[in-house]
Amino acid sequence: MDLTLSHHVVCQASILSVLNLVLTEIEPHSVCIFTNNSNKHDISMFDMNLEIPSIVINCEDARFIETFKNGIKLGCNVIFDFHEIIDTFSLFNHTTIIEDIPETLLLTMDLENSLQEKSIKIYYFWESVNLFNKYFVDNQSLLFEKSFFHNYEMLNLQGRELRVSLVVYTPFSHAKFNGEQELDVDGTDIYLVKEFCKKHNCTISYNFVYEGDVYGIIYDNFTGFGIFGATGSRRTHISIGAPYMTIFLFPYTILSLPTQQSKIINLVPIPKPLSYTKTPLLPFPFQIWGLVCLTYLIGIITVFFVQKLSFSKTTQRNETKSIIGNAIFTIIRISVFQSMVLKKTTGIHALIVLILLFFSLILGTLYGGGFASVLTVTRYEKPISTVAELVESNYQWKGITIAYLYPIELTQDPFLRKYIDNFIVVPLTEIKNQDHKTSIFLTELTQNRAVCNLDNMMDHISAQNYMVAKEELTGQYTTVIAHKTWPFMEYMNRIIYAVTESGIREYWEFKVINNVMDYSIQRIVDENNRFMDKNNGPVPISVDHIIGALIALGVGYVVSILAFILEIISFYLKK
């Protein structure tokens, strides 16, 4: 909403009364006040009484037009022609007014009745100036009880052009050139814009961004790149393609109501089956194996000292070696439930053997159950489920834009900081050619669990190696972004509210997935997640399952042969 005031012989208090009435209703971002050098002293009262930011523009300044445009870019919604120092009607013909802020309210003094009663005429300027209302200064009343904000004429934009920036980001937006170099578009955000123009009679022109960081950024001088840069520099009115509600990054824009809530997720490689060479070791984790080895070592030492103390004190040195070997084989026999003969058994010796036998019985039972499980249910590597596990892996994490990280840009979490610092931006045209053996891809998951842009990142073969990580990077609301003084955001919000309330967006998303996305790739990734989440059933036992046992047997044979050869060599050397 923009306001222009042409004032002749009206006291400042009267002006402020009608201004406060209008400003209270339309709630502008800020105010631009036009003045000249001779009237600067009249501005102080407005600065004191207007409770919104204001910009004072000197019309005699050589940079007046540039300052005026910058004021609008910064969100200056209400404009006062304070002392009739510019031609009000020529101002309305300026390109910035016609294209960017067409919903303009004109307040002017009623000259014909100025001597009898003080009144201010109120007009809406569209294509012609028609009296909208009249404000009487003396009794502070309006001629008609009307709302300033909702003008019936704004329901029809009369074919006005709506410039839209978009990217290829299915299912939100999709674009491709057909054989005639015309742009074919589709997507849930596209349907939203079409609904807006169908209701308000406007014409859509698209600005398709497909190179570099397609979302981009806006700089402080209103320039930038990507769809955000196009919006900030006002080359386009709105940008679509699931931009996030990170308003603190873009002070020169306004955001619509949320179109939906989505999750920013990582596509990680599915865990591979563990090698069958590790089959004998898989029933227990390494911590338990360490505890078992420590227990048997203590048992060997204990049995050795008990046997040594049980023998006569005249035990020779060579007999001591025999006792050590006997202790080792005693523990081995007990652990595999083999019979054994105890010579010169004492009470303490029998007690220790009984305790070790009981321990081995429990351990052997557990090992047998675990081994049966290993042989029937395939064991996999530990999957990458959290961000902490991801940043500690040897993979590279990539995405088509840095905009994914805007919601967490200010985080102090060490794992997220490492993620941000090592994130690699890959252009959309090159993302599909990345090495899928070493890459993790950052993308988005919609409320209906559709993975965004999946068919542009991988094919059917590479999709078989990926799944969605359980822990999302963050959650965020998607929106429609526009330059700050775009006057139709209220009407766009009404369309968004109606679409959200009706639930038709779910149908739109399903339609886009079937029209322009390869649904079979979506299904492959979804099945990978289900396969890893559920308890996998038994698998037939094959030769692969006993590879580990065969390797252990082979190593045992080799060690035995080498030991036998060394004994023969030692025997002949002693001769």
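If we sort 400-409, 562-571, 479-488, 512-521 on the protection proxy, mean other Cβ atoms within 10 Å, highest first, what's the order? Please list the in-between numbers first.
Values: 400-409: 20.4, 562-571: 9.8, 479-488: 22.9, 512-521: 16.8.
In decreasing order of mean packing, 400-409, 562-571, 479-488, 512-521 become 479-488, 400-409, 512-521, 562-571.
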So, in nm, how far is label Arg523 from label Asp421 when the simple model puts each one 7 Å beyond its Cα toward the Cβ? 4.4
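With a ≥ b ≥ c the root eigenvalues of the C-alpha gyration tensor of segment 370-436, is it rounded (a/c under 1.5), prolate (a/b larger than b/c) or oblate? Present the calculation step by step, with values, prior to reporting the outcome.
Details: a/c = 3.85, a/b = 1.77, b/c = 2.18.
Oblate, since a/c reaches 1.5 and b/c is not below a/b.
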What residues qualify as long-range amide H neighbours of Leu162, i.e. H under 5 Å apart, gap of 5 or more or another chain, H built at 1.01 Å from N? Thr203, Ile204, Ser205
Just to check I understand the Karplus step: with θ = phi - 60° and J = 6.51 cos²θ - 1.76 cosθ + 1.60, what whole-Hz values come out for segment 399-413, glycine and proline as x? x, 7, 7, 6, 4, 4, 8, 4, x, 10, 4, 9, 5, 10, 5
Where the centre of each part is set by its Cα atoms, how far does segment 374-388 sit from segment 468-510, in angstrom? 37
Per-residue ³J(HN,Hα) for segment 506-523, Karplus 6.51 cos²θ - 1.76 cosθ + 1.60, θ = phi - 60°, Hz, x for Gly and Pro: 4, 5, 4, 4, 4, 5, 5, 4, 7, 7, 10, 9, 7, 5, 5, 5, 4, 5
Counted neighbours (other Cβ, 10 Å), sorted fewest up, put Ser165, Ser233 in the order Ser233, Ser165
Sequence-distant residues sharing a close amide H with Phe441 (under 5 Å, placed H): Leu267, Lys398
Label-to-label distance, nm, for residues given as Gln412 and Ser141 (7 Å Cα→Cβ offset): 6.0
For Met467, enumerate residues with amide H under 5 Å from its amide H, sequence gap 5+ or separate chain, H modeled in the peptide plane. Val268, Ile270
Mind giving me the FRET efficiency for Leu351 and Cys293? R0 is 25 Å, r the Cβ-Cβ distance, nearest 0.05 is fine. 0.65
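Values quoted throughout were computed directly from the atomic coordinates according to the rules given, and no laboratory measurement underlies them. Only a predicted model underlies this, so the values are computations on that prediction, with no experimental measurement involved. Note that each Cβ is placed from the backbone with ideal geometry, even for glycine, and that neighbours are counted across all protein chains shown.
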